[in-house]
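Single-structure report; data block below.
The values are calculated or read from the model by the stated rules, or taken from the named source; none is laboratory data. Bear in mind that the values here come from a model prediction, so they are computed numbers and not experimental data. As a convention, Cβ positions derive from the backbone with ideal geometry for all residues, glycine included, and neighbour counts pool all protein chains shown. Accessible surface areas use protein heavy atoms only, side chains included; no ligands, DNA or RNA. Shrake-Rupley method; radii C 1.70, N 1.55, O 1.52, S 1.80 Å.
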Amino acid sequence: MTGEKENDNVADLEKNKIYTGNSEKVRIEPNKQLDSNGNDTTIKLYKRRWFIVLLFSSYSLCNSFQWIQYGIINNIFMKFYGVDSFTIDWMSMIYMLTYIPFIFPVTWVLDKKGLRVIALVATALNCAGTWIKVASVRPDLFAVTMLGQFCCSLAQVFILGMPSKIASVWFGSEEVSTACSIGVFGNQLGIAIGFLVPPILVPNVEDMDELASHIRLMFYITAGVATLLFMLVIFVFQERPVFPPTRAQATARLVPLEQYSYSASILRLLRNKPFILLIITYGLNVGCFYAVGTLLNRMIIDHYPGEELNAGRIGLTIVIAGMVGSLICGIWLDRSKTYKQTTLAVYLMSFIGMLVYSYTLDLGHLWVVFLTAGALGFFMTGYLPLGFEFGVELTYPEGEGTSSGLLNCSAQVFGIIFTISQGKIMDNYGTLSGNIFLCVFLFIGSVMTGFIKPELRRQKANQMARATVPEDGSFLVPSVLHGTWF
């Protein structure tokens, strides 16, 4: 890598291939520039990469905020729209339900059209959804607010699996896990704000006109932010850097688009046994997080009546602690490359954290709940980028969006199952029984994680690329279609 100084007056990498018999060589040397004659090539890091990942994190934040903005003040929206608790739960679960049928066509679009198209569609849908909600602030317009939430949930499909893709396309091999963590960071921060802000902006007042004005204010603020982010994406979001950041990305760029088969890629992933185990374990862990987030208001209000504001603050604590955990885990992975060990340790601590949270929730001391919820969030939410990056390692050279999409699809399926099941268990047997239900599946996930074989394919590809440097200064290109070397 040659540092961060941009050089746009160089030829495109595709013009600098050297063909020798049946092998294809590309000159990619550290600390050299690429000229128009193809004598040298370069791998570069661009300063713009930080702006790209921060812009992505920002619109991911705006979208994820809306996932929980109804659920965290469940009782208030029940009163305003005249619906039951389960109906308001669906305002969160629609994010999970929408993801399942749409992720596969969206991933196909990502592979065919690239990151910029995906970013434009995501921010456009999110913006449209926020303005539809602005028009829904009347007790008889619940269907309209559901339509707005559906648009936002559809936007989420274009967002949720992108952190690992952006990290791979823009960042070097020593910082991809950190970059992925920053991408996930935006989603987590949005959830955190979603826990904190709605209880502040929408107090539990009896006057329906006053309540409507509070809800309208919240929707207008969200719509304004979504519109600004949509405009930024239109004018500044870039598809990819001129030169790739890693040798693995340089290799991926050499595969002609017409040779790529999305269906074949899916089939290869479904035959990858370590990745199948990761799909299940990731779904179990993140599905539990979705259930806890959706039902948190009900859990807290059940034991601490009238504490809607503190319910939001506890949710904020869970996610803020998870953001810290995500960044620490991302930095640790970039330094150690211990993907399986770190994933297993964090999974086990998520299980222990859930147990402690479950048995301390009813002690009557909110400060204890804040502490145990923070510990739970540090590990459970901190697991999110670990799963993404471990999945990319297990599935290279398949598309990062495809592997992340399958992981998230599993999370949505388990999220719906766990949210509905835990809600029913809480209604019939109490909060503790509902939480123990989740603990059982976290334990199962921990055991299954121990059986995942850590085949770090992306790391091996980068190591082989560094080692395979012939005397002419070029290196042999690995086959992206089959994971072997020419």
- Query: Which ones in region 205-221 are under 21 Å from Gly190 (Cβ atoms) and open to solvent by less than 10 Å² (accessible area, probe 1.4 Å)?
  - Reply: Ile215, Met218, Phe219
- Task: Determine, yes or no, whether Gly391 is part of a helix (DSSP H, G or I) and under 20 Å from Val184 (Cα atoms).
- Result: yes
- Message: With the requirement that a residue be surrounded by 24 or more Cβ atoms within 10 Å (Cβ to Cβ) and of a type outside the set (A, V, I, L, M, F, W, C), what does region 150-177 give you?
- Response: Ser153, Gln156, Gly161, Pro163, Ser164, Lys165, Ser168, Ser177
- Query: Restricting attention to region 283-312, which residues are farther than 20 Å from Phe185 by Cβ, open to solvent by 20 Å² or more (accessible area, probe 1.4 Å) and part of a helix (DSSP H, G or I)?
  - Reply: Arg298, Ile301, Asp302, His303, Glu308, Leu309, Asn310
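Anything in region 39-82 that is of a type in the set (D, E, K, R) and over 27 Å from the mean Cα position of the chain (by Cα)? List them, or say none.
Kept after step one, since they are of a type in the set (D, E, K, R), are these residues of region 39-82: 40, 44, 47-49, 79.
Once the filter is applied, which keeps residues that are of a type in the set (D, E, K, R) and over 27 Å from the mean Cα position of the chain (by Cα), region 39-82 yields Asp40, Lys79.
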- Report yes if some residue within region 57-80 is basic (Lys, Arg), surrounded by fewer than 19 Cβ atoms within 10 Å (Cβ to Cβ), assigned to a helix (DSSP H, G or I) and out of contact with any Leu (no Cβ under 6 Å at 6 or more places or on another chain); otherwise report no. yes
- Task: State whether one or more residues within region 408-425 are among the hydrophobic types (A, V, I, L, M, F, W, C), at pLDDT below 90 and more than 28 Å from Leu154 (Cβ to Cβ).
- Result: no
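Regarding Gly434, is this residue touching a Lys or Arg at 6+ places or on another chain (Cβ under 9 Å) and either modelled with pLDDT of 85 or more or not in a helix (DSSP H, G or I) (or both)? Full working, then the answer.
Numbers: touching a Lys or Arg at 6+ places or on another chain (Cβ under 9 Å): yes; either modelled with pLDDT of 85 or more or not in a helix (DSSP H, G or I) (or both): yes.
For Gly434, the condition - touching a Lys or Arg at 6+ places or on another chain (Cβ under 9 Å) and either modelled with pLDDT of 85 or more or not in a helix (DSSP H, G or I) (or both) - is met.
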- Task: Go through region 157-257 and tell me which helices (runs of 4 or more DSSP H), entirely inside it, have 2 or more residues that are without any contact (Cβ under 8 Å) to a residue 60 or more places away in the chain and over 21 Å from the mean Cα position of the chain (by Cα).
- Result: 208-236
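Confirm whether Ala119 is in a helix (DSSP H, G or I), over 14 Å from Cys151 (Cα atoms) and out of contact with any Gly (no Cβ under 7 Å at 6 or more places or on another chain). First the steps, then the outcome.
On the way: in a helix (DSSP H, G or I): yes; over 14 Å from Cys151 (Cα atoms): yes; out of contact with any Gly (no Cβ under 7 Å at 6 or more places or on another chain): yes.
For Ala119, the condition - in a helix (DSSP H, G or I), over 14 Å from Cys151 (Cα atoms) and out of contact with any Gly (no Cβ under 7 Å at 6 or more places or on another chain) - is met.
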- Among all residue pairs at least 6 apart or on different chains, which show Cβ distances below 7 Å where the first residue, located in region 78-94, is under 18 Å from Gly293 (Cα atoms) and the second is in a helix (DSSP H, G or I) and among the β-branched types (Val, Ile, Thr)? Met78/Ile88; Asp89/Thr294; Asp89/Thr419; Ser92/Ile68; Ser92/Thr294; Met93/Thr294; Met93/Ile416; Met93/Thr419
- Task: Would you please name the residue that is surrounded by the fewest Cβ atoms within 10 Å (Cβ to Cβ), looking only at residues in region 327-349 that are in a helix (DSSP H, G or I) and charged (D, E, K, R)?
- Result: Arg335
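With free of Cβ contacts under 8 Å to residues at least 60 places away in the same chain, farther than 14 Å from Tyr282 by Cβ and not small (Gly, Ala, Ser) as the only criterion, which of Thr317, Thr402, Thr372 stands out? Give the derivation first.
On the way: Thr317 fails: free of Cβ contacts under 8 Å to residues at least 60 places away in the same chain; Thr402 fails: free of Cβ contacts under 8 Å to residues at least 60 places away in the same chain.
Just one listed residue meets the conditions, Thr372.
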- Single match in Phe443, Phe390 (criterion: surrounded by fewer than 20 Cβ atoms within 10 Å (Cβ to Cβ), modelled with pLDDT of 80 or more and in contact with a Phe, Trp or Tyr (Cβ under 7 Å, 6 or more places away or on another chain)): Phe443
- Query: So which of Ser168, Ser153, Ser213 ends up being hydroxyl-bearing (Ser, Thr, Tyr) and farther than 30 Å from Arg313 by Cβ?
  - Reply: Ser168
- Check region 94-103 and report whether any residue there is modelled with pLDDT of 90 or more, within 20 Å of His214 (Cα to Cα), open to solvent by less than 70 Å² (accessible area, probe 1.4 Å) and under 26 Å from the mean Cα position of the chain (by Cα). no
